[in-house]
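The values are calculated or read from the model by the stated rules, or taken from the named source; none is laboratory data. All values reported here derive from a predicted model rather than from experimental measurement. Quick reminder, even Gly has a Cβ in these numbers, built from the backbone with ideal geometry, and neighbours come from all protein chains shown.
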């Protein structure tokens, strides 16, 4: 096979029955974490491409043909290009894409199994899966449940504040924060055209435009997505305790998502966005009062917001334990 690095005989024997996975774009933050998490797993055999061929389309397609599942950790344009090449070639390519390119595309399964409605079963048989955006993950889990359970109407005017670590911006932003004196939190997406907004509306079921305020801060990884509510605009009167009960029932039995009872969420009256850094789970928090309840999702933007979500989807697609290789 051109451009593919073979594993040693010892590793071949150990991985005789392992499932083959190709990570395309493992040099980036998301791809690197996925590659590292999978490297120690005996049930996974990584299909590796030689450095000189990692941008060669034919060498990458060869790796994708060999793999049971390929995980694309590429810019949007590069993902579209290699998927188009795979589609043109035909064959049974199973692809997980971590970019924004296919999150609202027809024929792709949105990789958030906790949403219910047969999504986990759809993932198990899917040939094309899109990994949710980091900001979108928290918002969709919150707004989607509020709408599905009738707490708010579909046309509720949602507002969402999201604080993220700088690793979410990729290599350039990481270099900026490490080389420059960037300390103050910085709001961005100021024109309300953030690339996660289409999936936030489409997947949650929100009919009205979302007022979205993403903020990047001076810490490496972690995320806090907050959705404040106005009691006078809600269909159901629900304070923090009632909202906790609704979400706890909805996500009961979900291994990666849990609702935290009100009062157990803060540290001396503060919420730290990086409290779950390095982990792949997500917690839902409830505070405020009945007139102004607030629901927040806290997780790692590189965990449940990216790499962890991709591995969770991969496990489901390969018929493996959903949480295998994840840090909970």
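What the table below lists for this structure:
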{"quantity": "Matching option when the condition is buried (at least 16 other Cβ atoms within 10 Å of the Cβ), at pLDDT 65 or above, over 21 Å from the mean Cα position of the chain (by Cα) and within 24 Å of residue 313 (Cα to Cα), among 19, 26", "calculated": "19"}
{"quantity": "Answer residue from region 243-276, given it is outside any loop (DSSP other than H, G, I, E, B), modelled with pLDDT of 95 or more and over 19 Å from the mean Cα position of the chain (by Cα) and is surrounded by the fewest Cβ atoms within 10 Å (Cβ to Cβ) among those", "calculated": "249"}
{"quantity": "Set 44, 5: member being modelled with pLDDT of 95 or more and touching a strand residue (DSSP E or B) at 6+ places or on another chain (Cβ under 7 Å)", "calculated": "44"}
{"quantity": "Subset of region 74-124 [in contact with a strand residue (DSSP E or B) (Cβ under 9 Å, 6 or more places away or on another chain) and touching a residue at least 60 places away in the same chain (Cβ under 8 Å)]", "calculated": "94, 96, 98, 100, 103, 104, 110, 111, 114, 123"}
{"quantity": "Lone qualifier among 103, 65, 60, 80 - being outside the structural domain of residue 170 (by TED's automatic domain parsing), in contact with a helix residue (DSSP H, G or I) (Cβ under 7 Å, 6 or more places away or on another chain) and assigned to a helix (DSSP H, G or I)", "calculated": "60"}
{"quantity": "Some residue of region 311-326 being within 30 Å of residue 230 (Cα to Cα) and not in a loop (DSSP other than H, G, I, E, B)", "calculated": "no"}
{"quantity": "Subset of region 29-40 [surrounded by 18 or more Cβ atoms within 10 Å (Cβ to Cβ) and farther than 17 Å from residue 74 by Cα]", "calculated": "37, 38"}
{"quantity": "Some residue of region 187-210 being in contact with a helix residue (DSSP H, G or I) (Cβ under 7 Å, 6 or more places away or on another chain) and over 24 Å from residue 130 (Cβ atoms)", "calculated": "no"}
{"quantity": "Test for residue 112: is it within 23 Å of residue 274 (Cα to Cα) and not assigned by TED's automatic domain parsing to the domain that holds residue 254", "calculated": "yes"}
